[in-house]
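Take a look at the structure below.
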Amino acid sequence: MQTTMMNVPLSLNHLLERAGRLFKSTEIVSRLPDKSLRRHRYADIYRRTRALGSALQGLGLKKGDRVATLCWNHHAHLESYFGIPAAGGVMHTLNLRLAPEEIGWIAGDAQDRFLIVDDVLLPLYEKFRHLYPFEKVIVFPFSGAPVPAGFTDYEALLVGADADGFTYAPHDENDPVAMCYTSGTTGRSKGVVYSHRSTVLHSLVACLPDFCGVRGTDVVLPVTPMFHANSWGMPYIAVMVGAKLVFPGPHLHPDDLLGLMTQEPPTLALGVPTIWLSLIQTYDASLKPGSPNAGRWRLPQGMRSLVGGAAVPEALIRAFDAHGIWIMQGWGMTETSPVGTLSYLTAALKDASRDEKYRRAATAGVPVPLVELRTRGDDGQDQPWDGQSVGELQVRGPFITGGYHEVGSPADKFTDDGWLRTGDVASVDELGYMRIADRTKDLIKSGGEWISSVDLENALMAHPAVAEAAVIAIPDEKWSERPLACVALKPGEQVTPDELNALLLTKNFAKWQLPERYEFIDAVPRTSTGKFWKLKLRERFPR
Ligand code: ADP
């Protein structure tokens, strides 16, 4: 006898069905390789997604089989996000910015059966095809050119499939829907597997009004790649609420993004700080007298922006706010679906000064509902929430992975009581705002005291001449480690180490925390997900 609520499994299929019925006429815009825009409506995407599910079943896809995607952000990738799980499969997003050998290794580790690949990425596929034999390679004719012989044509596959007669594969809410490998910035990549349940819960939480606040009238521009950490869940969230999506395709240069924002103004855009930095620098330069780009772009008025994946400098938040665009900062990992914390102004800060609001916005924020967070000191004790004490950040929750594909739950990644060890070092203040001091591997230990490279970087990037700054540790006989600041200047700008040190001293850094040395470089190297790649700097400046 049932006496409480129904035990209906949470399911992505429900989100798709809902969008197909309720949001038929809402647009999904994709930028093609030739920069033109292709428009669909949710009604089209619904049909095409079901056709994909039907076609995959026709190809013999079995429950739990992995189907890899090697695609930019566009409508067909969205179809995979829902169509592969609808057929009972697991969508495995391959990161196209990784080295070909790495992609081949990852496909082998995941034992992907099929591959869906953009035609414009076939040259990349050719570089790793010898490493792993997919049973079938389905080519999406993104450029509009005919699909080369020897491959299955995605569009032909959809045309030949029975969208109307399609039936969803039966599933449990804990069955897998998607898989993404950690990008191995600090170690070997491992597969993280998301379920129907974790994905639906993450979508519900991430779009709450206090967090991303996504609603059906939004126009969402996900610059964050769909091939890494689910584009921060935005494809699922947008479909759940029926928001208009604008996909940038392969065009992520600041000029292109500003052009797209001018053409199809988003109300919400998502990206990593490095891309947002170049975006605002390019835009601000276009406003200078005599700029060749004068009047070319408009930043959408009142747009909200979610920026994360790496620390967001306060200077970046202020630079966007000067144009009426508020940046919310998020912290997360591939392992956390990925949104774990979000910086928004809680009621306690309602009457805070503007400076205080900026200061909080520059933290990683407070844990979202359903995520528990703690910081553990070296002694295994929880650190107090005093804004000072740092410890290893550990998290737990229903959309945080409990293990890795084939690897399980190794002790260096999980505590005995089942919390994820993030590898980040953080402090939490009395209001629950978390600040990432560093990744464990990036902290600088000088004379027994920790120096946060993130704090130094953020302060340096507040200098008007500085485009980018990354701080690494160099060995030091006396102090064991000292900070080295690698600084890229804006075009035509000059600044001396003394001037930068003078700035740091005004920002509450002690003398011993100042960089030991400055190296002026052209640009900070980027990881496959567009973050600062300090490993490369450490190789370049070993001392
Ligand atoms: P990778 O960086 O290795 O590609 P992830 O995309 O999973 O892998 O990145 C997760 C890491 O990114 C976190 O552990 C943390 O170090 C960093 N990170 C994410 N968001 C923030 C943030 N808001 N502030 C500082 N660091 C962040």
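The values are calculated or read from the model by the stated rules, or taken from the named source; none is laboratory data. All values derive from a computational prediction rather than experimental measurement. Cβ placement follows ideal geometry from the backbone for every residue including glycine, while neighbour counts extend to all protein chains displayed. When the accessible area is computed, the model is the full protein with side chains, heavy atoms only, and any ligands, DNA or RNA have been set aside. Shrake-Rupley method; radii C 1.70, N 1.55, O 1.52, S 1.80 Å.
The residue list His228, His253 contains one member that is of a type outside the set (D, E, K, R), surrounded by fewer than 24 Cβ atoms within 10 Å (Cβ to Cβ) and closer than 21 Å to Ala523 by Cβ, which is His253.
Which ones in the range 358-376 are open to solvent by 40 Å² or more (accessible area, probe 1.4 Å) and either without any contact (Cβ under 8 Å) to a residue 24 or more places away in the chain or within 16 Å of the ligand (Cβ to nearest atom) (or both)?
First pass over the range 358-376, keeping only residues open to solvent by 40 Å² or more (accessible area, probe 1.4 Å): 359, 369-370, 372, 376.
The answer is Arg359, Arg376.
Restricting attention to the range 507-543, the residues being within 16 Å of the ligand (Cβ to nearest atom), within 23 Å of Trp450 (Cβ to Cβ) and not basic (Lys, Arg) number 5. When the residues of the range 327-337 are filtered to those that are more than 8 Å from the ligand (Cβ to nearest atom) and not hydroxyl-bearing (Ser, Thr, Tyr), the one that is surrounded by the most Cβ atoms within 10 Å (Cβ to Cβ) is Ile327. If you go through the range 446-474 and keep only what is closer than 21 Å to Gly308 by Cα and among the acidic types (Asp, Glu), you end up with Asp455, Glu457, Glu468.
Quick one: would you say Pro209 is within 25 Å of Thr341 (Cβ to Cβ) and without any contact (Cβ under 8 Å) to a residue 60 or more places away in the chain? Considered against the rule, which asks whether it is within 25 Å of Thr341 (Cβ to Cβ) and without any contact (Cβ under 8 Å) to a residue 60 or more places away in the chain, Pro209 comes out as yes.
Would you confirm, using the coordinates I've provided, whether Thr496 is within 15 Å of the ligand (Cβ to nearest atom), among the β-branched types (Val, Ile, Thr) and farther than 21 Å from Ala319 by Cβ?
Values: within 15 Å of the ligand (Cβ to nearest atom): no; among the β-branched types (Val, Ile, Thr): yes; farther than 21 Å from Ala319 by Cβ: yes.
Taking the combined requirement at face value, the residue does not satisfy it.
Sort through Gly309, Gly340 and tell me the only one that's within 15 Å of the ligand (Cβ to nearest atom) and within 17 Å of Asp210 (Cβ to Cβ).
One residue alone meets the criteria, Gly340.
State whether one or more residues within the range 199-209 are under 30 Å from Asp442 (Cβ atoms) and out of contact with any Ser or Thr (no Cβ under 7 Å at 6 or more places or on another chain). Spell out the reasoning first.
To start, the set of residues in the range 199-209 that are under 30 Å from Asp442 (Cβ atoms) comprises 202, 205-206.
Now narrow it down to the ones that are out of contact with any Ser or Thr (no Cβ under 7 Å at 6 or more places or on another chain): 205-206.
Scanning the range 199-209 turns up at least one residue that is under 30 Å from Asp442 (Cβ atoms) and out of contact with any Ser or Thr (no Cβ under 7 Å at 6 or more places or on another chain).
Which residues, taken from the range 199-233, are closer than 19 Å to Ser528 by Cβ and aliphatic (A, V, I, L, M)?
Hits for the range 199-233 are Val223, Met226, Ala229.
Are any of the residues in the range 283-303 within 16 Å of the ligand (Cβ to nearest atom) and of a type outside the set (Val, Ile, Thr)? Checking the range 283-303: not a single residue is within 16 Å of the ligand (Cβ to nearest atom) and of a type outside the set (Val, Ile, Thr).
In a residue-by-residue description of the range 112-124, the property of being at pLDDT 95 or above, open to solvent by less than 10 Å² (accessible area, probe 1.4 Å) and either out of contact with any Ser or Thr (no Cβ under 9 Å at 6 or more places or on another chain) or more than 19 Å from Ala55 (Cβ to Cβ) (or both) applies to at least one position.
Within the range 509-535, the set of residues being charged (D, E, K, R) and modelled with pLDDT of 90 or more comprises Glu516, Arg517, Glu519, Asp522. Tell me whether the range 198-205 contains one or more residues that are of a type in the set (S, T, N, Q) and either open to solvent by 30 Å² or more (accessible area, probe 1.4 Å) or away from the ligand (no atom under 16 Å from the Cβ) (or both). Checked against the condition, which is being of a type in the set (S, T, N, Q) and either open to solvent by 30 Å² or more (accessible area, probe 1.4 Å) or away from the ligand (no atom under 16 Å from the Cβ) (or both), the range 198-205 yields at least one hit.
Tallying residues that are surrounded by 13 or more Cβ atoms within 10 Å (Cβ to Cβ), outside any strand (DSSP E or B) and not hydroxyl-bearing (Ser, Thr, Tyr) within the range 405-418 yields 2.
Give me a count of the residues in the range 377-404 that are over 21 Å from Glu173 (Cβ atoms) and either crowded, with 17+ Cβ neighbours inside 10 Å or not acidic (Asp, Glu) (or both). Can you show your working first?
Narrowing the range 377-404 to residues over 21 Å from Glu173 (Cβ atoms): 377-395.
Pick out the ones that are also either crowded, with 17+ Cβ neighbours inside 10 Å or not acidic (Asp, Glu) (or both) and you get 377, 380-381, 383-385, 387-395.
So the count comes out to 15.
Taking the criterion of being of a type in the set (Asp, Glu) and within 16 Å of the ligand (Cβ to nearest atom), the only residue of the range 312-326 that qualifies is Glu314. None of Met240, Met226 is within 16 Å of the ligand (Cβ to nearest atom), outside any strand (DSSP E or B), aliphatic (A, V, I, L, M) and at pLDDT 95 or above except Met226.
When you scan the range 175-190, do you find a residue that is touching a helix residue (DSSP H, G or I) at 6+ places or on another chain (Cβ under 9 Å), open to solvent by 10 Å² or more (accessible area, probe 1.4 Å) and of a type in the set (A, V, I, L, M), even just one? Looking through the range 175-190, none of the residues is touching a helix residue (DSSP H, G or I) at 6+ places or on another chain (Cβ under 9 Å), open to solvent by 10 Å² or more (accessible area, probe 1.4 Å) and of a type in the set (A, V, I, L, M).
Quick one: is Val193 open to solvent by 10 Å² or more (accessible area, probe 1.4 Å), assigned to a strand (DSSP E or B) and among the aliphatic types (A, V, I, L, M)? Break it down stepwise before answering.
Details: open to solvent by 10 Å² or more (accessible area, probe 1.4 Å): yes; assigned to a strand (DSSP E or B): yes; among the aliphatic types (A, V, I, L, M): yes.
Taking the combined requirement at face value, the residue satisfies it.
Does Val390 satisfy the condition of being within 30 Å of Tyr236 (Cβ to Cβ) and either within 15 Å of the ligand (Cβ to nearest atom) or at pLDDT below 95 (or both)? In short, no.
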